[in-house]
Amino acid sequence: MLMFSLTSRGENQSVSSPNGKYTFEFIQEGGRMYYKVDYDGKDAILRSEMGIEIDNTLFESALGIPRDTTKYWCENLVLRSAETTETDESWTPIYGENSKIRDHYNQLTLHFGKGAKENSQDGYDFDKRQCYMMDIEVRAYNEGVAFRYHFPETSNGLFLNIRGERTQFSFPAGTKALYEEWAQGQYEWRELMNWPNECERPLFLKLANGLNAALLEARMIDYSRGKFKLVSDNVIGVSMFDGAEVISPYSTPWRVIMIGERAVDIINNKDIVLNLNDPCKIADTRFIRPGKVYRCGKLNRDYIMKGISFAEHEKMQFIELDARWYGPEMQVSSSALAVSPERDFTISEVCDSARNHGLGVWVYVNQRALYRQIDSILPLYKEWGVSGIKFGFVQVGNQMWSEWLHDAVRKCADYGIMVDIHDEYRPTGVSRTYPNLLTQEGIGGNEEMPDAWHNLVLPFTRFICGPADYTLSYYCNRIQNTRGHQLAMAAVYYSPLQFMFWYDDPWLYDGGEELEFWRNIPTVFDKSVALEGEPGEYIVQARQSGDVWFVGVMNGLESRTISIDTSKFLKKGKKYLMMTYSDDPSLATRSKVATQTTAIKGGKNIKLDLLASGGAALTFKISE
């Protein structure tokens, strides 16, 4: 194993965010590299190790370098130069939680190389070979700090067998984290000691000094996915699923640190993940159409036609044909090139019928078929008129599957087809580059019917790295929370492709007046602000579309009274018509959700009494 690290030569380097709150300091000492992060004068990340491990034994032997000298190659890297630059740009996403995103950061780039011949312990002049050069790139945003390892282009096309990272995050004693071992599991608070296994990302933490923090991964497209493990008490390390084989020039994924005085500061700053990805690479994006979708749970012509009528009535944009439309999804023999003979419909006629009602069609395809047939599927689905593919049971983890999956998304874009990835995939901001990737699962959603504690953890964990396909339910009798809680999800849980009425059938609909909130709310917005909240306890999320504000309030396991300060999102003194949809157990209706219309002025505080596991949804329209 060879580790890129530093000698004790040179001075420490640092970079601060534009607003001066974040300070990242790089430290060289004892042949290794370290860093620390302060936030507004407080310790956030204590001195922590950096580095990346390379096993290039075969490559080194091919160059004729004696094996007994390879252990010195990386340990003798020297900081050749350092430079700081500032970038301040804005860009307009194809869709999103905000219609404009500012990309403002200070960057520190550290250039490392082998010592000159007289400094080399084996007598080789590595400068002439241009071998084993490495940069560390650090970006300090007002929203967070990110760093990665970059291997510049060399004349010899440097091959790198990456076996792991030494990237660590050392926290003050008393820090606790929301621990969970897999993407669709249930979270719990744990101190940073005695973790049984790896922990999921993003990882939300509370520090003893009152700060909130999150650790994330960004721009993971051709690497091995990372999780988090304890290296020792209060020290978290990046745990790669497997190694990665790359050729320079190459950049590893970004390791991201976010800090906030309030827990909701983390939510409001999550556009940093998109900023760390490449701009859109799709030339013509007109086929990309976010919207609401109804899953046709029964795969026969009669049900599908009822689903189309229901989706149109509820002002949705799509229907979806789920698993088994082409046969048993787990069988290799099932071909996704034709509808199963057992079915009484064709995809093309479903697409035609849906189109006559202003709807598009998504189809589910398991990865078994995608892996074998994607190059045949895509031109056929384009001919049929399919709008999007929901990838099922994708493989994630190693470098090969990471590359395959993102290449599949790119291929779908070439045919004007949108994508929803299900199961264990967690986003890292790649939808900025390929916005046809609308959403993904990687979440414990309504397939598991979780309780309110879990639902109130999600905005501070899984949702900070990108949209999630939670699959909203409403009438299903297995729901563990009130209908007011469920109604608010459409505003709290961001997903450009939002599945609604999951596990619900059209005939369960009873005309509840409160469902106008779901009909009217879009899936993408002009502005989003998380107003208040704590993980597992409650959240107040406001989103603007045009002149209308939609607010979702979700509560945890204990009843509470909250006050919403409307000056944080409405124009002070402006007249608004406020629609409130809230739980009322005294009602004789099935949903027990009351609807109330009130005239208010912007800036007024609104008091809400929330049931345990309850919630409320509100809309604000300017009143002339």
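In the range 401-418, the residues that are at pLDDT below 95 never reach a residue that is of a type outside the set (Ser, Thr, Tyr) with C-beta atoms less than 9 angstrom apart, at least six apart or across chains.
Strands (runs of 3 or more DSSP E) fully within the range 132-231 that include at least 3 residues being modelled with pLDDT of 95 or more, touching a strand residue (DSSP E or B) at 6+ places or on another chain (Cβ under 6 Å) and under 23 Å from Lys42 (Cβ atoms): 134-141, 145-151, 168-170, 176-179, 188-191, 203-206, 212-218.
Against the criterion of being crowded, with 18+ Cβ neighbours inside 10 Å and either of a type in the set (S, T, N, Q) or modelled with pLDDT under 95 (or both), Ile65 qualifies. Considering only the range 389-412, state which residues are β-branched (Val, Ile, Thr) and part of a helix (DSSP H, G or I). Correct list: Val409 only. Screening Phe310 with (1) of a type in the set (A, V, I, L, M, F, W, C); (2) under 30 Å from Pro535 (Cα atoms); (3) touching a helix residue (DSSP H, G or I) at 6+ places or on another chain (Cβ under 9 Å) gives one miss only, at (2). Of all the residues in the range 349-370, those that are in a helix (DSSP H, G or I) and surrounded by fewer than 16 Cβ atoms within 10 Å (Cβ to Cβ) number 4. Are any residues in the range 545-574 over 26 Å from Val457 (Cβ atoms) and either among the hydroxyl-bearing types (Ser, Thr, Tyr) or surrounded by 13 or more Cβ atoms within 10 Å (Cβ to Cβ) (or both), and if so, which ones? Selection gives Ser545, Val548, Thr566, Ser567, Leu570, Lys571, Lys574. Whenever a residue of the range 349-362 is among the basic types (Lys, Arg), its partners that are surrounded by 23 or more Cβ atoms within 10 Å (Cβ to Cβ), lying with C-beta atoms within less than 9 angstrom and at least six residues away or across chains, give the pairs Arg355/Val361.
Residue count for the range 556-579 satisfying the condition of being of a type in the set (S, T, N, Q) and either touching a helix residue (DSSP H, G or I) at 6+ places or on another chain (Cβ under 7 Å) or in a strand (DSSP E or B) (or both): 2.
Of all residues in the range 227-243, those that are more than 20 Å from Lys36 (Cα to Cα) and in contact (Cβ under 8 Å) with a residue 40 or more places away in the chain have Cβ atoms under 7 Å from Cβ atoms of residues that are among the charged types (D, E, K, R) and outside any loop (DSSP other than H, G, I, E, B), 6 or more apart or on another chain, in Met240/Glu165; Gly243/Arg163.
Every condition in (1) of a type in the set (D, E, K, R); (2) part of a strand (DSSP E or B); (3) at pLDDT 95 or above is met by Glu53 except one, and the failing one is (3). Here is the figure for the range 375-395: residues that are under 25 Å from the mean Cα position of the chain (by Cα) and either hydroxyl-bearing (Ser, Thr, Tyr) or buried (at least 19 other Cβ atoms within 10 Å of the Cβ) (or both) total 7.
Scanning the range 288-321 for residues that are of a type in the set (D, E, K, R) and more than 19 Å from Thr523 (Cβ to Cβ) gives Lys298, Arg301, Asp302, Lys306.
Checked against (1) among the aromatic types (Phe, Trp, Tyr); (2) in contact with a helix residue (DSSP H, G or I) (Cβ under 6 Å, 6 or more places away or on another chain); (3) under 25 Å from Leu178 (Cβ atoms), Tyr493 meets all criteria but (2). The residues in the range 26-55 that are farther than 20 Å from Tyr141 by Cα and of a type in the set (Asp, Glu) can be counted, and the count is 4. For first residues located in the range 320-331 and touching a residue at least 24 places away in the same chain (Cβ under 8 Å) and hydrophobic (A, V, I, L, M, F, W, C), partners that are surrounded by fewer than 16 Cβ atoms within 10 Å (Cβ to Cβ) and part of a loop (DSSP other than H, G, I, E, B) and lie 6+ apart or on another chain with Cβ distances below 7 Å form the pairs Trp325/Ser340.
For Ile308, indicate whether it is crowded, with 21+ Cβ neighbours inside 10 Å, in contact with a His (Cβ under 7 Å, 6 or more places away or on another chain) and not polar (S, T, N, Q). For Ile308, the condition - crowded, with 21+ Cβ neighbours inside 10 Å, in contact with a His (Cβ under 7 Å, 6 or more places away or on another chain) and not polar (S, T, N, Q) - is met.
In the set (1) surrounded by fewer than 20 Cβ atoms within 10 Å (Cβ to Cβ); (2) in contact (Cβ under 8 Å) with a residue 60 or more places away in the chain, the condition left unmet by Asn194 is number (2). When Ala283 is tested against the conditions (1) under 25 Å from Asp423 (Cβ atoms); (2) free of Cβ contacts under 8 Å to residues at least 12 places away in the same chain, the lone failure is (1).
Take the residues of the range 592-624 that are part of a loop (DSSP other than H, G, I, E, B) and at pLDDT 95 or above: which is farthest from Glu514 (Cα to Cα)? Within the range 592-624, the match that is farthest from Glu514 (Cα to Cα) is Gly603.
Kindly provide the set of residues from the range 135-164 that are small (Gly, Ala, Ser) and under 23 Å from Leu108 (Cα atoms), ordered by number. Can you show your working first?
So the first thing to find is which residues in the range 135-164 are small (Gly, Ala, Ser), and the list is 140, 144, 146, 155, 157, 164.
Once the filter is applied, which keeps residues that are small (Gly, Ala, Ser) and under 23 Å from Leu108 (Cα atoms), the range 135-164 yields Ala140, Gly144, Ala146.
Selection of the range 497-555 for residues being over 18 Å from Gly291 (Cα atoms), of a type in the set (Val, Ile, Thr) and out of contact with any helix residue (DSSP H, G or I) (no Cβ under 8 Å at 6 or more places or on another chain) yields only Val540.
The values are calculated or read from the model by the stated rules, or taken from the named source; none is laboratory data. Since the model is a prediction, treat every value here as computed from it, not as a measurement. Because the Cβ atoms are built from the backbone with ideal geometry, glycine has one as well, and the counts that use them run over all protein chains shown.
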